[in-house]
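Data block below; observations after.
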Amino acid sequence: MIQEKKKAFNNFAVAKGLRSTRQRDIILDTFLSTNQHISVEELYLKIKSGNQGIGQATVYRTLKLFTEAGLAREILLNDGQTRYEHVIAGEHHDHLVCTGCNAIIEFEDETIEKLQKDIAARQGFHMRSHKLEIYGLCIKCRH
């Protein structure tokens, strides 16, 4: 799957007229190796130790490109911090976001998915994508 994502990003970059760079490849490899919702700063810290030539602004711009290419999805938290997660073809999930500790809990619910499609259809709306984020307090922060 990682090789497919790399190929998809390279095809996207070529179509946009972007040249291939070692820095972008390192950022992509590091991002794809994470299994969490990660901020620009967190990804930068993972990369920085072995790659002094990559700055935080480069990581930010590259994550924006990954989002544009459909490889990443942004989640904006109440603290103003944007997190990024992998986009996996054919998979969809929604999020519960704790406003206390910023924990992100993923969930899937067929009833919610059907309801959203039904609402769009009743309005004559063709839905291409959607995201549902519910904000509140997780069980740890409520106690």
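The values are calculated or read from the model by the stated rules, or taken from the named source; none is laboratory data. The structure displayed is predicted, hence computed values, not measured ones. Backbone-built Cβ (ideal geometry, glycine too); neighbour counts: all protein chains shown.
What is the residue count in the stretch 115-131 for residues that are among the basic types (Lys, Arg), free of Cβ contacts under 8 Å to residues at least 24 places away in the same chain and either surrounded by 10 or more Cβ atoms within 10 Å (Cβ to Cβ) or touching an Asp or Glu at 6+ places or on another chain (Cβ under 9 Å) (or both)?
The qualifying residues number 1.
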For residues in the stretch 120-138 being outside any loop (DSSP other than H, G, I, E, B) and either at pLDDT 95 or above or of a type in the set (Gly, Ala, Ser) (or both), which is farthest from residue 87 (Cα to Cα)?
-> 122
In this structure, does residue 71 turn out to be within 15 Å of the chain's Cα centre (by Cα) and touching a residue at least 60 places away in the same chain (Cβ under 8 Å)?
-> yes
So residue 92, is it of a type outside the set (A, V, I, L, M), under 21 Å from residue 127 (Cβ atoms) and at pLDDT below 90 | yes
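Every residue, every condition in (1) within 17 Å of the chain's Cα centre (by Cα); (2) free of Cβ contacts under 8 Å to residues at least 12 places away in the same chain; (3) farther than 24 Å from residue 135 by Cα; (4) surrounded by fewer than 17 Cβ atoms within 10 Å (Cβ to Cβ), yes or no:
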site: 7; (1), (2), (3), (4): no, yes, yes, yes
site: 41; (1), (2), (3), (4): yes, no, no, yes
site: 76; (1), (2), (3), (4): yes, yes, no, yes
site: 109; (1), (2), (3), (4): no, no, no, yes
When (1) at pLDDT 90 or above; (2) within 30 Å of residue 136 (Cα to Cα) are applied to residue 17, the one that fails is (2)
